[in-house]
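Asks: My questions all concern the structure below.
Each reported figure results from applying straightforward, stated rules to the coordinates on display, with no laboratory input. Values in this document were obtained by computation on a predicted structure and should not be read as measured data. Cβ sites come from the backbone with ideal geometry, for glycine too, and all protein chains shown count toward neighbours.
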Amino acid sequence: MANAPAHAEPTSKPKETPHMPNSTSTASITRRAATLALATTAGIAVGSANPARADEKIIGISFPNASVIGAVVTEIEAAKKKGAEMGYKVVVDDPGTDLNKQINTIKTWTEQKIGAMVVNTLQPAAFESVAKQARAVGVKWITYGQKIDNQDATVGYAQYHDGHALGEYAGKWITDTLGGKANVVILGYDKGVWGQQRAGGIKDGLKSAAPSATIVAEQDAISPTEGLNVTRSILQAHPEVNVILGVEDPATEGAYKAWIASGKDKGDAKAFIGGMDGTVPALKLLKEGGTVYRASMAIPLIAVGEAMVTTSDALINGKSDGDHIVPLELVTEKSPKADEYLKQQAEK
């Protein structure tokens, strides 16, 4: 999610400067407008309109595209619940793909000296300096799904390894069902290192089990809409495609819809769609079975969300035992695991 993968960004509009009586001077209006604009900007950067209070124990989560990745939404809700139980306020910033906005929020949290921050770093090297600054004032830094030099711990997954497991399973299916040959699409997310790692694992796993499979297209897609639109275009250009693998289930859910919309059989015995993260729509398809949606690498979402808080707490209190890596689990069609992971998300 790290990578996974994506995953609409919340926005906050500056308030309009209220109408001033004619007796108010131009200079006064300018000063008040500037003050209001500054306050509004600060509120946007922190992801919360209220500054941190000195008596609050705060954990910040900075996660690009968090609001559009179903699995991450569940993780963050688990983190908020666990935080409340342990006396922490968990604040969340979703900068979309705006790196500058993300870094500005982190700088604000550093100035506020919050207890810890969990950061999903789309471009890890770009965060070394701000991470160093945060740690210098005592803020604990946890990198989500990645490692950087200036960090206290990692919470997340083995991105390449988990992608490899999906690719290998798909490759074995291709070998067993299609005699080892298939025309494959990879829906990745090259903008993020986690996406690169997942996609790299998928491709290597695929080739290890089905070396004769041909990857005919690779494009970025992490949301259902992106998956739908990208796959629709690919299927028009490559109607021979029969395997679609993605670094995010929301994208492959969109791909599944594009598959059906293009007139293809949703139960085609010679087609395979699989993704990563174990989102509710994907798990429901797997639970039901009988469709081309055949696999997902599911995240133990509650465990990861809680780990964001428990690892932060351990670091804050000088009791950290290091990284917290949670392996994803392969869920296949009609597997009882689908129901288990649905229950984690309060679904049936």
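Asks: Starting at 0 and stepping by 5 Å, how many percent of the alpha carbon pairs of region 268-348 end up in each bin?
Replies: P(r) over region 268-348, rounded to whole percents: 3, 16, 23, 17, 12, 10, 8, 6, 3, 1, 1.
Asks: Size of the dipole of region 214-348 about the Cα centre, Lys and Arg at +1 and Asp and Glu at -1 on the beta carbon, nothing else charged, in debye to 20?
Replies: Numbers: 13 positive and 20 negative charges, 109 e Å.
Charge dipole of region 214-348: 520 debye, to the nearest 20.
Asks: Could you sort 79-88, 316-325 so that the peptide with the highest average Cβ count within 10 Å comes first and the rest follow in order? Please report the intermediate quantities before stating the final value.
Replies: On the way: 79-88: 17.4, 316-325: 13.1.
Per-residue mean Cβ counts within 10 Å order the peptides as 79-88, 316-325.
Asks: Would you grab the residues whose amide H sits under 5 Å from the one on Phe272? Only those 5+ places off in sequence or on another chain, please, with H modelled 1.01 Å from N.
Replies: Result for Phe272 returns Val243, Ile244.
Asks: Starting from the 7 Å offset along Cα-to-Cβ, what nm value, one decimal, do you get for the label separation of Ser212 and Ala158?
Replies: 3.1 nm
Asks: Next question, about the same structure. Just subtract the alpha-carbon distance of Lys334 and Ala136 from 0.36 nm times their residue separation and send over the number in nm, one decimal. Intermediate values should be presented prior to the final figure.
Replies: On the way: separation 198, 0.36 × 198 = 71.28 nm, distance 5.03 nm.
Between Lys334 and Ala136, full extension yields an extra 66.2 nm.
Asks: Given a cut-off of 24 Å, name the pairs among Lys80/Lys101; Lys89/Lys343; Lys191/Lys284; Lys147/Lys203; Lys101/Lys147; Lys82/Lys191 whose C-alpha atoms lie farther apart than that in the structure shown. The partial results should precede the final answer.
Replies: Values: Lys80/Lys101 22 Å; Lys89/Lys343 26 Å; Lys191/Lys284 29 Å; Lys147/Lys203 22 Å; Lys101/Lys147 21 Å; Lys82/Lys191 31 Å.
The answer is Lys89/Lys343; Lys191/Lys284; Lys82/Lys191.
Asks: Also, I was wondering about something else. Mind listing P(r) for region 127-265? All alpha-carbon pairs, 10 Å bins, whole percents.
Replies: 13, 35, 29, 14, 8, 2
Asks: With only alpha-carbon atoms counted, please give the Rg and Dmax of region 168-244, in Å.
Replies: Computed over the Cα atoms of region 168-244, radius of gyration and Dmax are 12.4, 34 Å.
Asks: A follow-up question, please. Say R0 is 30 Å: what FRET efficiency, to the nearest 0.05, do Asn150 and Arg232 get from their beta-carbon distance? Walk me through the numbers before you get to the answer.
Replies: Numbers: r = 42 Å, r/R0 = 1.41.
For Asn150 and Arg232, the calculated efficiency is 0.10.
Asks: Continuing with the same structure: Using the Karplus equation 6.51 cos²θ - 1.76 cosθ + 1.60 (θ = phi - 60°), what ³J(HN,Hα) coupling, rounded to whole Hz, does each residue of region 314-320 give in order, writing x for Gly and Pro?
Replies: Each residue's phi maps through the Karplus curve to give 4, 5, 4, 9, x, 10, 5 Hz.
Asks: Looking only at region 120-150, which residues have a backbone nitrogen under 16 Å from a spot 7 Å from the Cα of Ala303 in the C-beta direction?
Replies: Those under the cut-off are 145.
Asks: Based on a Kirkwood Rh over C-alpha pairs, give the Stokes-Einstein translational diffusion coefficient of region 242-309 at 37 °C and viscosity 0.692 mPa s in µm²/s.
Replies: Numbers: Rh = 12.3 Å.
The calculation lands on 266 µm²/s.
Asks: Further, regarding this structure: How far is the Cα center of region 211-243 from the Cα center of region 269-325, in Å?
Replies: Taking the Cα centre of region 269-325 as reference, the centre of region 211-243 is 24 Å away.
Asks: Mind giving me the FRET efficiency for Ala346 and Lys172? R0 is 35 Å, r the Cβ-Cβ distance, nearest 0.05 is fine. Intermediate results must be reported in sequence, preceding the final value.
Replies: Values: r = 33 Å, r/R0 = 0.94.
It comes out at approximately 0.60.
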